[in-house]
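Beneath this line is the structure, given in structure tokens, with notes to follow.
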Amino acid sequence: MKRRHSLIGPLILILIGGLFLAENLYPGSVSMRMIAAYWPFVLIVWGLLRLVEILYWRLTSKPVPLRGVSGGEWVLIVFICLIGSGLFFYVHREPGFPRIFTVRRGVELFGQTYDFPIQEQQSAAKVTRIVVDNSRGNTRIVGADTQEIKVGGHTSIRALSQYDADEANKRLALRITTEGDQLVIRTAQQPGAPSDSTVSTDLEMTVPRGSSIQATGRNGDFDILNIDGGVDVTSANAGVRLQDIAGNAHVDLRRSDIVRAVNVKGNVDVLGRGQDVELENVGGDVNINGYYSGEITGRNLAKPLIFQSGTTELRVQRVPGQFNLALGDFTGRDLLGPIRLTAQSKDVQLRDFQGEVSVSVERGDITLAPDHPPSAKIDASTRSGNIELTLPADSSFDLTGTTRRGDVTSAFGDSVRIVRDGPGASLKGSTGRGPAIILRTDRGEVSLTK
Amino acid sequence: MNSSEYSLVRAVRGPIMLIAIGVLFALGQFTSYGFHLTWPVLLILLGVLKLLERASGGQGQSGVNPPTGVTP
């Protein structure tokens, strides 16, 4: 029997021909925008026609085909879907932006940004704890002498049209609920909302300064100022800046570009992964634990600091001055011991320190220069690098310095003996009754200067 | 009659899926329910059509009643 021929092929040809003819005769009558918007109806009409055809064949007792839509036709349909979607995004690209994709925060997004302002106010009497959950967007919380919570800011929605943005905004609700002494502010989304990479909410809040803050998010920065209670920040990706916090600060981030804490009276705990950490004027214990690839700086820390990141460990009793710990070096000025630093590859410079010092690195030069005569043990060792110790002239000590391959020098005259032994050398000597000083390198120079 | 019903259901599967795809894309154009949200409907629809096929006498792909019940 002869193969049945469908109407679809000829009809599609007629449609395409008709569109071109219309455009040729009446230029401008067929716009890309129109095709981009209405192409799915070609699929619908195609399917309907085929359905009618099959039912007709069936009713007229003609044999029904094995498959309603053949393999080749499916390939054509996939192409139509791809070209149609491509056209859609091309037509709706950002005006004046020649590319289809715009890259922002590492995510490919389409469309334009529409802003919706937020303005809420609520009494916060009896509230001692404020919970903020802003999954995407920046949050700024400022404490003030007030009994009210004011939430301002705006929601930015990236959408292809104002209509889409309005619809999306309806499904987003900033919810403020009170649970006992706890006030919860959530920018949660209801199901059916567009994927949240297109939505971000920037919040600016004024809260009673006596409350404590618990903030969570997934992507966005947190700025928290003037809070008398504790502050707890948890996020997958955030920069965190804390200033003038009277309570403890706890920051747990899976990724961050910066964590800065200035004027914190309580303890500071920083956990997770990130780049830079800046601490200034901290009254409590500081504990930094995780992987940090940038610079760690500390200034005026009143209590012990413990930093653990990968193979680097730093413990300092107090930091009246400042320190800077970067990928390749550590510099510290005016630190109080016991100071303990263990690292793989760092050049270490410590000036004006007091108390016990223990530095151990695999690779790197160690420079130690206390401004007072040493009062406690100094132990510096490196596998590969020079060690230079500069002591005040009136220092008393019991020194042992060794290098397995390299030279030693001493500016302390007769009281320190130099012994050269094959490729290596050693220093040994004591003046008065001083603390032990041990300097060791496998490859490098050991020098003792005044 | 069973086998011809089966072949009918099987034949309309393609067109119905095609219409559904078109409708979902059209919804994506004119409402905020984009295709990236609604695509699972296609899986559900395909499952329902398969069930209908079975109910109309087909035994799946390896059935004793092969789909060549009606030969051209």
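The values are calculated or read from the model by the stated rules, or taken from the named source; none is laboratory data. Just so you know, these numbers come straight off a predicted model, no measurement behind them. Positions of Cβ are backbone-derived with ideal geometry, glycine not excepted, and every protein chain shown enters the neighbour counts.
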Original post:
Within the range A:296-307, is there a residue that is surrounded by 20 or more Cβ atoms within 10 Å (Cβ to Cβ), within 27 Å of A:P208 (Cβ to Cβ) and either at pLDDT below 95 or not small (G, A, S) (or both)?
Top reply: no
Subject >> Residue in the range A:136-144 that is modelled with pLDDT under 90, part of a strand (DSSP E or B), buried (at least 20 other Cβ atoms within 10 Å of the Cβ) and not hydrophobic (A, V, I, L, M, F, W, C) present >> reply: yes
Original post:
What number of residues within the range A:167-187 are free of Cβ contacts under 8 Å to residues at least 24 places away in the same chain and assigned to a helix (DSSP H, G or I)?
Top reply: 3
Subject >> Of residues in the range A:375-390 being at pLDDT 90 or above and either charged (D, E, K, R) or assigned to a loop (DSSP other than H, G, I, E, B) (or both), the one farthest from A:G332 (Cα to Cα) >> reply: A:R383
Subject >> Candidate set from the range A:112-135 (those that are part of a strand (DSSP E or B) and closer than 21 Å to A:T234 by Cα); member that is nearest to the other protein chains (Cβ to nearest Cβ) >> reply: A:S135
**OP:** All but one of (1) under 13 Å from the mean Cα position of the chain (by Cα); (2) in contact (Cβ under 8 Å) with a residue 60 or more places away in the chain hold for A:R209, so report the exception by its number.
**Re:** (1)
**OP:** Give the residues of the range A:373-393 that are crowded, with 24+ Cβ neighbours inside 10 Å and in contact with a Pro (Cβ under 8 Å, 6 or more places away or on another chain), sorted by residue number.
**Re:** A:P374, A:I378, A:L391
Subject >> First in the range B:8-37 and more than 7 Å from chain A (Cβ to nearest Cβ) and buried (at least 20 other Cβ atoms within 10 Å of the Cβ), second anywhere and in a helix (DSSP H, G or I) and polar (S, T, N, Q), Cβ under 9 Å, 6 or more apart >> reply: B:L24/B:T38; B:G28/A:S85; B:G28/B:T38
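This table checks each residue for (1) more than 8 Å from every other protein chain (Cβ to nearest Cβ); (2) surrounded by 17 or more Cβ atoms within 10 Å (Cβ to Cβ); (3) over 21 Å from B:L49 (Cβ atoms); (4) among the small types (G, A, S).
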| residue | (1), (2), (3), (4) |
| --- | --- |
| A:P40 | no, yes, no, no |
| A:E53 | yes, yes, no, no |
| A:Y56 | yes, no, no, no |
| A:V64 | no, yes, no, no |
| A:I80 | yes, yes, yes, no |
| A:F88 | no, yes, yes, no |
**OP:** Take the range A:406-450 and flag every residue that is free of Cβ contacts under 8 Å to residues at least 24 places away in the same chain and on the phi > 0 side of the Ramachandran plot.
**Re:** A:G413, A:G422
